[in-house]
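To start, the structure itself, in structure tokens.
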Amino acid sequence: MDLSIFGIQSTTTALVAVLSGLALVFLGLWLAGLIGPRSYAPQKGEAYECGIPTRGKSMVQFKVGYYLFAILFLMFDVEAVFLFPWAVIAKSMGTESILAVAVFLCVLVLGLAYAWRKGALEWK
């Protein structure tokens, strides 16, 4: 497998990088659990509402429209993150790059039009 397009010269190098990353993550989690503070008090399992004891149910169900709106926001936010590096080097990429991004934007605009038509962007 040729990984040179990713700046990696061999499969062994890629394997060492992935295993090193995983080892560092698990080492950090293990150390945090080892030296972190622990509390087994019964208050730990209660809902926290600014020090005021809760009355009734503390679980409130939100409308699904809020979640849908948040997911759409994140989708278009991530789209902007993908477009920024492309915009920086757009002059040197050529026509194929412009066409690829145009297709990407068309798919996103179609998704936005679908969500708009279904009423996902309306506050009711």
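Only the coordinates and a few stated rules stand behind these numbers; no lab work does. Because the structure is predicted, anything quoted here is derived from the model rather than measured. Note: ideal-geometry Cβ built from the backbone for every residue, glycine included; neighbour counts use all protein chains shown.
General observations
- Set of lysines with alpha-carbon distance to residue 63 below 30 Å, sequence-local pairs under 8 removed: 44, 118, 124
- Whole-angstrom gap from the range 102-124 to the range 55-94, using each part's C-alpha centre: 13
- In a DSSP loop and with at most 12 other Cβ atoms within 10 Å, the chymotrypsin sites (Phe, Trp or Tyr not before Pro) in the range 62-105 are 62.
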